[in-house]
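Presented below is the structure to which this report refers.
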Amino acid sequence: MAERVELSDWVELTAQLRRFADGAETTVDDDRIRIEFGSAHVEIGREGRVETGMPLHGFEREGDAEFVVDHEAGTLTVEGETTSYTFRRP
């Protein structure tokens, strides 16, 4: 089942992202969380900056967003007013 979390709920968002990491190297501090999946990564800042990277593919955006974390499917979807982007856990 997918979990929908708003950026403003930082505690819940970081908890969901730690679970999404599924053992990958995770760094959390007061204003960002970064998950390293070898050659891929996801970084989310508390102020709304989102950056992902994979070989030959990257995504960046800033602003308020909602996050849909589907642990079973291994996906993290960033939904903004005009943006919808899905990162698939490698």
Are any residues in segment 38-68 under 8 Å from the mean Cα position of the chain (by Cα) and of a type in the set (A, V, I, L, M, F, W, C), and if so, which ones? Val42, Ile44, Val50, Phe67
Qualifying residues in segment 1-32 (those that are assigned to a loop (DSSP other than H, G, I, E, B) and of a type in the set (D, E, K, R)) - the one surrounded by the fewest Cβ atoms within 10 Å (Cβ to Cβ): Asp30
Need the failing condition index for Gly48 against (1) of a type outside the set (D, E, K, R); (2) on the phi < 0 side of the Ramachandran plot; (3) open to solvent by less than 30 Å² (accessible area, probe 1.4 Å); (4) assigned to a loop (DSSP other than H, G, I, E, B), just the number. (2)
Based on this model, can you work out whether Arg88 counts as of a type outside the set (A, V, I, L, M, F, W, C) and either open to solvent by less than 70 Å² (accessible area, probe 1.4 Å) or touching an Asp or Glu at 6+ places or on another chain (Cβ under 8 Å) (or both)? no
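The values are calculated or read from the model by the stated rules, or taken from the named source; none is laboratory data. Note that the structure is a prediction, hence the values are computed from the model and not measured. Neighbour counts are summed over all protein chains in view; Cβ atoms, including those assigned to glycine, are modelled from backbone coordinates with ideal geometry. Accessible surface is based on the protein model in full, side chains and every heavy atom, while ligands, DNA and RNA are left aside. Shrake-Rupley method; radii C 1.70, N 1.55, O 1.52, S 1.80 Å.
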